[in-house]
Amino acid sequence: MKTTVTTRDVGDVKIVELHGKITIGAGDLQMREAIHAAVSGGATKLIVDMKDVTTIDSSGVGELVGCYTTATNRGAKLKLLNLPPKISDVLTVTQLITVFDVFTNEKEAVASF
Amino acid sequence: MTESSAPSPGPIVLWLSSRYENLELGQAVLEYVCRLRGIENDAEHWIGVALREALANAIKHGNRQDPSRRVMLSLGGSANDLEIVVGDEGEGFETAAVADPLAPENQMKTSGRGIFYMKTFMDDVTFSRDERGGTVLTMRKHIGSDQKKGVQTR
Ligand SMILES: Nc1ncnc2c1ncn2[C@@H]1O[C@H](COP(=O)(O)OP(=O)(O)O)[C@@H](O)[C@H]1O
Ligand SMILES: [Mg+2]
């Protein structure tokens, strides 16, 4: 299954949708590129929608943390939307789930900035 | 033999070239073994996460992504114990020197969580060296009604 990353705008909020695997040599770099492009393009409100993520590995988690830091350092906010239970578990065991603002509803996520 | 147990093909051993694409091959073989042994999907998922971390480390840190260096993958064990061995042709490493990803100063690091995930999702993870100095990683997962580890499903 191919990893795809799509980006869309809801008002001034950039929503980055990830599909498939966010793993080493695959989706990890695509995710970084999409988020960095959004931040470089001036976006300050970012939502990463993970509804269709099937697997994430430590590289994907590392990239996600890196993207969060990049966004924060540039004055942007990065939030997570629709974490599948297994993806949420992977973030929980490494105590990262508390780092991120996590939403289950897009409207609420958009309104939260 | 009167005890009935899930059929096991005996250990399956593969030699993989050091390319990340081969993670998919490892995962596919794991799926095959799990079907054969009646290992349920949730357990398979977490074993797969650990397997991918193990193979990724062998490819990246062990063999430094040199496609001419090989990664050995073996899937075996007994009826109620899945054993995965991953070997590489690298220089090995000092396991004691690996940083704790849960330490506050490491929380926002972009790497260093792979071995922790393996240890979290498998019952037993041990590292040793082969005669040439490469890393040999052995992971075990107990298979059966009393799956003692893994993440609690909600
Ligand atoms: N097969 C290996 N060969 C050499 N070094 C390894 C191997 N596996 C792990 N390591 C070392 O252990 C460290 C921690 O591995 P891991 O927890 O997977 O984190 P990461 O891969 O993100 O660095 C690696 O950075 C590397 O130094
Ligand atoms: Mg690793």
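Dipole of the protein assembly as shown, Cα-centred, from +1 at each Lys and Arg C-beta and -1 at each Asp and Glu C-beta, to the nearest 20 debye?
Dipole size: approximately 500 debye.
Taking chain A as a Gaussian network, Cα atoms linked when under 10 Å apart, which of A:Val99, A:Val53, A:Val90 shows the biggest mean-square fluctuation?
Checking each option, the largest mean-square fluctuation is seen for A:Val99.
When the Kirkwood hydrodynamic radius is evaluated over all pairs of different C-alpha atoms of region A:4-111, what value in angstrom, to one decimal, is obtained?
Its Kirkwood hydrodynamic radius stands at 13.5 Å.
Which lysines have a Cα lying under 17 Å from the Cα of B:Lys141, excluding residues fewer than 8 positions away in the same chain?
B:Lys119, B:Lys149
What residues have an amide H closer than 5 Å to that of A:Val48, excluding those fewer than 5 places away on the same chain, when H is modeled at 1.01 Å from N in the peptide plane?
A:Val16, A:Lys79, A:Leu80, A:Leu81
Amide H of B:Gln65: which non-local residues (sequence gap of 5 or more, or other chain) have their own amide H closer than 5 Å, using H built in the peptide plane?
B:Lys60
Running a GNM on chain A with Cα contacts under 10 Å, which residue among A:Glu33, A:Glu17, A:Glu63 ends up with the highest mean-square fluctuation?
A:Glu33
To the nearest 20 debye, what is the magnitude of the charge dipole of chain A about its Cα centre, counting +1 on the Cβ of each Lys and Arg and -1 on the Cβ of each Asp and Glu?
That gives chain A a dipole magnitude of about 120 debye.
Just to check I understand the Karplus step: with θ = phi - 60° and J = 6.51 cos²θ - 1.76 cosθ + 1.60, what whole-Hz values come out for region A:73-86, glycine and proline as x?
The phi angles translate into 5, 9, x, 9, 10, 10, 10, 10, 10, 6, 7, x, x, 6 Hz.
Work out the charge dipole of the protein assembly as shown with +1 on the Cβ of Lys and Arg and -1 on the Cβ of Asp and Glu about the Cα centre, then indicate which of B:Val136, B:His61, A:Gln30 is farthest towards its positive end.
The listed residue farthest towards the positive side: A:Gln30.
What is the helix-to-structure angle for B:22-37, meaning the angle in degrees between its Cα long axis and the longest Cα principal axis of chain B, kept from 0 to 90 and rounded to the nearest 10?
20 degrees
If we sort A:23-32, B:15-24 on the protection proxy, mean other Cβ atoms within 10 Å, highest first, what's the order?
A:23-32, B:15-24
For region B:113-118, in order, what is each residue's ³J(HN,Hα) by Karplus, 6.51 cos²θ - 1.76 cosθ + 1.60 with θ = phi - 60°, in whole Hz (x at glycine and Pro)?
Karplus values, whole Hz, x for Gly and Pro: 10, x, 5, 4, 4, 4.
Count charges around B:Asn106 for me, please; just the other residues with Cβ under 12 Å from its Cβ, Lys/Arg as +1, Asp/Glu as -1.
Once positives and negatives cancel, what remains is 0.
Could you derive backbone 3J(HN,Hα) for region A:101-108 from the dihedral phi with the Karplus parameters 6.51, -1.76 and 1.60 (θ = phi - 60°), listing whole Hz in sequence and x where the residue is Gly or Pro?
8, 10, 10, 10, 9, 5, 4, 5
Take the Cα atoms of region B:3-147, find their three principal axes, and give me the spread along each one in whole Å, biggest first.
Per principal axis, max minus min of the Cα coordinates gives 48, 38, 27 Å.
What does the structure give for A:84-96 when I average, per residue, the other chain Cβ atoms found within 10 Å of the residue Cβ?
4
Considering all projection directions equally, how large on average is the shadow of the alpha-carbon convex hull of the protein assembly as shown, in square nanometres?
15.5 nm²
Suppose every Lys and Arg Cβ carries +1 and every Asp and Glu Cβ carries -1, with no other charges. What dipole size does region B:3-147 come out with about its Cα centre, to the nearest 20 debye?
My answer is approximately 400 debye.
Please find, in a Gaussian network model of chain A (springs between Cα atoms separated by less than 10 Å), the residue of A:Gly66, A:Gly41, A:Gly75 whose mean-square fluctuation is greatest.
Maximum among the listed residues: A:Gly41.
Tell me which residues come under 5 Å, amide H to amide H, from B:Ile39 once H is placed; ignore anything under 5 positions away on its chain.
none
Enter the angle in degrees (range 0 to 90, nearest 10) between the Cα long axis of helix B:41-57 and the first principal axis of the Cα atoms of chain B, meaning the one along which they spread out most.
Approximately 30 degrees, to the nearest 10.
Bear in mind that the values in this text are calculations on the coordinates, not laboratory data. Just so it is clear, the model here is predicted, and its values are computed rather than measured. Counting neighbours? That spans all protein chains shown, and the Cβs are built from the backbone with ideal geometry, glycine included.
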